[in-house]
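This report refers to the structure that appears directly beneath it.
The values are calculated or read from the model by the stated rules, or taken from the named source; none is laboratory data. Note that the structure is a prediction, hence the values are computed from the model and not measured. All Cβ positions, glycine included, derive from the backbone under ideal geometry; neighbour counts span all protein chains shown. Quick note on the areas: whole protein, heavy atoms, side chains included, nothing else; ligands and nucleic acids left out. Shrake-Rupley method; radii C 1.70, N 1.55, O 1.52, S 1.80 Å.
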Amino acid sequence: MRTLVVVDAANVIGSVPDGWWRDRRGAAERLRDHLRTYADEGLPGHPGPLRVLLVVEGAARGVGSVPGVQVESAPGSGDDRIVELVAEATGGGAAVLVVTADRELRRRVEAYGARCAGPRTVRPQRGGGAAEGERT
């Protein structure tokens, strides 16, 4: 079974002050498009292919899915939707990696057996630097 990678879009996008607040939907679309690579190639410690799920909220709601990346528009709190998705997936026996720096969200999803990694795991790296390792 492929590992499910759930990406907290708001947290990952907000981790770099690159002007994302001027176009939240566009920032979510750029992240979505960047994530496509990981669906096939995998992430450190998680060889591909992966199932990639990007959870968006607020102004980014309505961003569409693309091949390799499913986009889930949270009807309310993105964190609450991520916890629901993790509970469902781990309940079905899937391995889940949640990408977020949000400590409370990490605590909540780890209670369901998910692993967590920080935003740099999936952010484009300047100068080809190494990605941030996952936390268990």
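Suppose we filter Glu41, Glu110 for residues that are in contact with a Gly (Cβ under 7 Å, 6 or more places away or on another chain) and either open to solvent by 40 Å² or more (accessible area, probe 1.4 Å) or at pLDDT 95 or above (or both); which single one remains?
Answer to the selection: Glu41.
Just the residues that are in a helix (DSSP H, G or I), more than 14 Å from Val12 (Cα to Cα) and in contact (Cβ under 8 Å) with a residue 24 or more places away in the chain, please, taken from segment 38-82. Give the steps one after another, and end with the answer.
Pass one, segment 38-82, residues in a helix (DSSP H, G or I): 38-41, 58-60, 78-82.
Imposing the further condition that a residue be more than 14 Å from Val12 (Cα to Cα) reduces the set to 38-41, 58-59, 80-81.
Answer for segment 38-82, where residues must be in a helix (DSSP H, G or I), more than 14 Å from Val12 (Cα to Cα) and in contact (Cβ under 8 Å) with a residue 24 or more places away in the chain: Tyr38, Ala39, Asp40, Gly58, Ala59, Arg81.
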Hits in segment 46-58 (condition: open to solvent by 40 Å² or more (accessible area, probe 1.4 Å) and either of a type in the set (A, V, I, L, M) or under 12 Å from Val5 (Cα atoms) (or both)): Pro47, Pro49, Arg51
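Yes or no, residue by residue, for (1) over 19 Å from Ala101 (Cβ atoms); (2) out of contact with any strand residue (DSSP E or B) (no Cβ under 6 Å at 6 or more places or on another chain); (3) among the basic types (Lys, Arg):
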{"residue": "Ile13", "(1), (2), (3)": "no, yes, no"}
{"residue": "Asp23", "(1), (2), (3)": "yes, yes, no"}
{"residue": "Leu31", "(1), (2), (3)": "no, yes, no"}
{"residue": "Asp40", "(1), (2), (3)": "yes, yes, no"}
{"residue": "Leu43", "(1), (2), (3)": "no, yes, no"}
{"residue": "Val52", "(1), (2), (3)": "no, no, no"}
Number of the condition not met by Glu104 [criteria: (1) touching a helix residue (DSSP H, G or I) at 6+ places or on another chain (Cβ under 6 Å); (2) at pLDDT 95 or above; (3) open to solvent by 20 Å² or more (accessible area, probe 1.4 Å)]: (1)
